[in-house]
Every structure is written in C-alpha cells, then in structure tokens.
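Here the structure comes first, spelled out in structure tokens, and everything after it is commentary.
The values are calculated or read from the model by the stated rules, or taken from the named source; none is laboratory data. For clarity, every value in this text was computed on a predicted model and none was experimentally measured. Cβ placement follows ideal geometry from the backbone for every residue including glycine, while neighbour counts extend to all protein chains displayed. Protein only, heavy atoms only, side chains kept; ligands, DNA and RNA dropped before computing areas. Shrake-Rupley method; radii C 1.70, N 1.55, O 1.52, S 1.80 Å.
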Amino acid sequence: RETVTKNALIPLVLKKGSEKFPTHQKISKYLEELYGAVFDTSIVKKGERHIIQAYIEVVNDTMIPESPAILEKAVQFLYEILYKPFVAEDGFSKQIVDMQKQNLQHQIEARMNDKKEYAGQRCIEEMCKEEPFGIYGDGYVEDLQGIDEKNLYEHYKQLLEKSWMDIYIIGEVDPEEAAKMVKHIFRIPSGAKRTMYDTVNKKDVTEVKHIEEKMNITQGKLVMGYRTMISGNEEGLYSLMVMNGILGGGPHSKLFQNVREKESLCYYINSMTYRLKGLLFIHAGIEFENYEKTVAIIEKQLEAIKNGDISSEEMEGTIQSLSNQFEGMQDHGFSIIDFYVTQNMLQSDITIENMIERIKKVAKEDVMKAVQGVKLDTVYFLRGE
C-alpha cells in the first residue's frame, strides 16, 4: 500500500524522456526513424504483484534489408528508457513528475466514470482487505502529495536493484541470437536467481460479507465474489475454467440463459476467474428492486452445476469457446507475452497448445469436482441514491 502509487507513477514518468532522448518530441522523432515504431509503458496488477511494463513494436528486420538491426536499436532504446532515465540533479524532472502526478490523479478519479469497473474493483477491495490483491493498482490520490521528483527517483533505483526483470521478444527472430543480443545490451548477470510464490490465499469463508453503496445511477451493479480454493497451477484449474464457462462464459451459459433470457432480471451478466488468486466473480447490471431475486437465482445456477445439471451442449460449447480463445491468442504478440508472463509467475512450462489440450480433456465429473470448493465470500451492490 505504501509503494503502489509510486509504482503507478513511474511508467508515466519514464515514457516522457531519457538521458539520450530527454523530451517526448525526441522520443517521437526517433520512433519515426525506426519506421513508425510503437512504444509505451504501463502498470499492471497480476495476482499480488505490481508489474511495470515497457514495450516497443517494430517492423521485422527482414522487411527493411537496407536498414538492418532495427530490433537491436529497439531493444537498446528500451534499455535507455529503463536504465538511463532523464534525471535533473538528484531526481527525475520536477516538471515531468508534477505533470504526471496530475495525469495519474485524473486517471484514478476517472475510475468512477465506469460504474461496472468501479463496482468490480470495490468488491475486490472489500473481499481482499487483508491481501495485497485488494490494493488498487493505479494508486491513491491521497498518496500523491507525498511524492516528489527526488523520493520517486530513489524508489525507482531500489526497484531496478531489487526487482526481477523478464524480457520477451515475439516475432520472426532467431531465439539464440535474440537472447545473446538482449544479454549484451542489458548486461544481465549470469546465474541470477529469483523467488516465485503462489498468490492464492486459500481462506476459508466463515461468513458472507454484504456491502452496499449508493450513487447517482439508474442501473444497479451487482458483483458476487467467490473463493475457489484452486491454485493457478493445480490440476483442477482446467476444470475450473470450464466450470466458469458453463456458469457465465457466454450466451450458452447458465447465467445468461436463466438470469437474463428466462427471468429478464439483468441487462448484462457474466462470470470470470482470476487464475493467479483462485477467485471467481459474477457481474450483473440489474434494476434495484431485483437485487435479492437475482442473487438467489445466481446461487441456484452454481448449485445446479454442483449437482451435475450440466448438458452436453453446455460442456461442448464451453470447451470449444475456450479453445478458440486460446487459439486466437496466438495471433497477437502482446497476448502471447501476457500469457507467458502469467506462466513465469506460476513457474509453469505449460504452453498455449498444452492449455488447449488439457481443457479438451475436461469431463463433466471434473467440473462437478472443481465446483465443490467454490464458496461465496462477498456480495457487493451499487444502487441508486
């Protein structure tokens, strides 16, 4: 909690300048010289980890034979951004930090604009109060006042010294040559070690929390949070993924068919799992007066799955949908990277192809077994004033 806002501010500051490219304009000009390269930085919360990301997308070297080493120049550029940021005296640029503090404040405050997203985050905050996962990844407005160009730079130096870095290259490249080039540019010490840990908190639910907030809205936002007791690497994961698809993964799902279509109780409804935390969330947009009825019918859908009320159409439709999602992932470089970031965090060597194979082997009995440990933890409802 004490470092999350600094972490969120750092990528905003880094992308505005480096020692070699001290202004945003000079960065843009250099990207144009790299044939329209795309560069950006961001902050991501995955499980109980805060990840600072910097990426660059460039044309393949083979496409521009008269201008070789574009990839090498791109990797060198990222090194400059990360390890040689623009520093004025003994800190970041005060002007850049002050400007990006304002931008981050607006970004944090803007989460109120998307009520569905806001309700989902509030449910996580209430459900995981005692866990790092409950911390808002973009930081907190009240913490911005204590951040300046000097203490932010000191924090960043600590991150560079102590935090692990993963580097991914996706494209038509020779893996060995690419690794050699990256190690040379980033001067990665041989034999560097890291420690990974499971981010699933297998808390037993002793009492369901009910949280209600009021806001000037016309449509209620319902979020129900469950603990699944299944870790990101356990065999039950694939069964849990299929169970989630049957429950609320699309138009064929029980939630869509029974809560939305049959009962007409919601404008939207879906379920999703957080693999790195072993949590499941159900989101629904409903009329205020339908709150209790909707919660009851949602619970019935989970009970139905526990009792084996699963049709062959639901099983086949879910497995096909999940397979298509993972197969489609392979068409997008950043989706592939995101997948393997998660795999590295879990210390797993399972590939996208392996994931599809295991999903296709899930049987009805596996789904019933996986759902037995799913327990309701928190019900959050955002209603009108």
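Of all residues in segment 35-46, exactly one satisfies the criterion of being closer than 24 Å to LYS73 by Cβ, among the β-branched types (Val, Ile, Thr) and open to solvent by less than 60 Å² (accessible area, probe 1.4 Å), namely THR41. Would you confirm whether or not segment 242-253 contains a residue that is touching an Asp or Glu at 6+ places or on another chain (Cβ under 7 Å) and touching a residue at least 24 places away in the same chain (Cβ under 8 Å)? Checking segment 242-253: at least one residue is touching an Asp or Glu at 6+ places or on another chain (Cβ under 7 Å) and touching a residue at least 24 places away in the same chain (Cβ under 8 Å).
Quick one: is PHE288 open to solvent by 40 Å² or more (accessible area, probe 1.4 Å) and in contact with a strand residue (DSSP E or B) (Cβ under 6 Å, 6 or more places away or on another chain)? So PHE288 fits the description; yes. Filtering segment 178-196 to residues that are surrounded by 11 or more Cβ atoms within 10 Å (Cβ to Cβ) and at pLDDT below 60 leaves only MET196.
Annotation: of all residues in segment 115-152 being closer than 13 Å to VAL223 by Cβ, under 17 Å from the mean Cα position of the chain (by Cα) and of a type in the set (Asp, Glu), the one that is surrounded by the most Cβ atoms within 10 Å (Cβ to Cβ) is GLU125.
Kindly list the number of the only condition in (1) modelled with pLDDT of 95 or more; (2) more than 25 Å from MET127 (Cα to Cα); (3) in contact with a helix residue (DSSP H, G or I) (Cβ under 9 Å, 6 or more places away or on another chain) that fails for TYR380. For TYR380, the failing item is (2). May I ask you to verify whether SER271 is in contact with an Asp or Glu (Cβ under 9 Å, 6 or more places away or on another chain) and under 15 Å from GLN325 (Cβ atoms)? Spelling it out, it is not the case that SER271 is in contact with an Asp or Glu (Cβ under 9 Å, 6 or more places away or on another chain) and under 15 Å from GLN325 (Cβ atoms).
Yes/no per residue for (1) free of Cβ contacts under 8 Å to residues at least 40 places away in the same chain; (2) aliphatic (A, V, I, L, M); (3) surrounded by 14 or more Cβ atoms within 10 Å (Cβ to Cβ):
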site	(1), (2), (3)
THR5	no, no, yes
VAL13	no, yes, yes
SER18	no, no, yes
PHE21	no, no, yes
HIS24	yes, no, no
SER28	yes, no, no
GLU33	yes, no, no
GLU48	no, no, yes
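Being touching a strand residue (DSSP E or B) at 6+ places or on another chain (Cβ under 7 Å), hydrophobic (A, V, I, L, M, F, W, C), part of a loop (DSSP other than H, G, I, E, B) and in contact (Cβ under 8 Å) with a residue 12 or more places away in the chain is a condition met by no residue of segment 53-60.
Just one of the numbered conditions (1) over 30 Å from TYR380 (Cα atoms); (2) open to solvent by less than 30 Å² (accessible area, probe 1.4 Å); (3) touching an Asp or Glu at 6+ places or on another chain (Cβ under 8 Å) is not true of ILE350: (3). Contact annotation: residue pairs with Cβ atoms under 6 Å, 6 or more positions apart or on different chains, pairing a residue in segment 125-137 that is within 11 Å of GLU48 (Cα to Cα) with a partner that is part of a loop (DSSP other than H, G, I, E, B), are GLU131/ASN201; PRO132/GLU48; PHE133/GLU48; PHE133/LYS277; GLY134/CYS128; ILE135/ARG1.
Taking segment 218-244 on its own, how many of its residues are closer than 15 Å to HIS283 by Cβ and open to solvent by 10 Å² or more (accessible area, probe 1.4 Å)? Number of matching residues: 3. Within segment 62-86, being open to solvent by 50 Å² or more (accessible area, probe 1.4 Å) and either in contact with a Lys or Arg (Cβ under 7 Å, 6 or more places away or on another chain) or without any contact (Cβ under 8 Å) to a residue 12 or more places away in the chain (or both) holds for MET63, PRO65, GLU66, PRO68, LYS84.
Quick check on my filter: what residues within segment 309-328 are open to solvent by less than 10 Å² (accessible area, probe 1.4 Å) and within 15 Å of SER253 (Cα to Cα)? The one that is open to solvent by less than 10 Å² (accessible area, probe 1.4 Å) and within 15 Å of SER253 (Cα to Cα): THR318.
Of all the criteria given as (1) within 21 Å of THR228 (Cα to Cα); (2) of a type outside the set (D, E, K, R); (3) surrounded by fewer than 16 Cβ atoms within 10 Å (Cβ to Cβ), the one not satisfied by ILE359 is (3). Here GLU172 fits the description: modelled with pLDDT under 95, open to solvent by 60 Å² or more (accessible area, probe 1.4 Å), over 19 Å from the mean Cα position of the chain (by Cα) and farther than 26 Å from TYR274 by Cα.
Residue-wise test of (1) among the basic types (Lys, Arg); (2) touching a strand residue (DSSP E or B) at 6+ places or on another chain (Cβ under 8 Å).
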residue: CYS123; (1), (2): no, yes
residue: GLU130; (1), (2): no, no
residue: GLY134; (1), (2): no, no
residue: GLY139; (1), (2): no, no
residue: LYS150; (1), (2): yes, yes
residue: TRP164; (1), (2): no, no
residue: GLU172; (1), (2): no, no
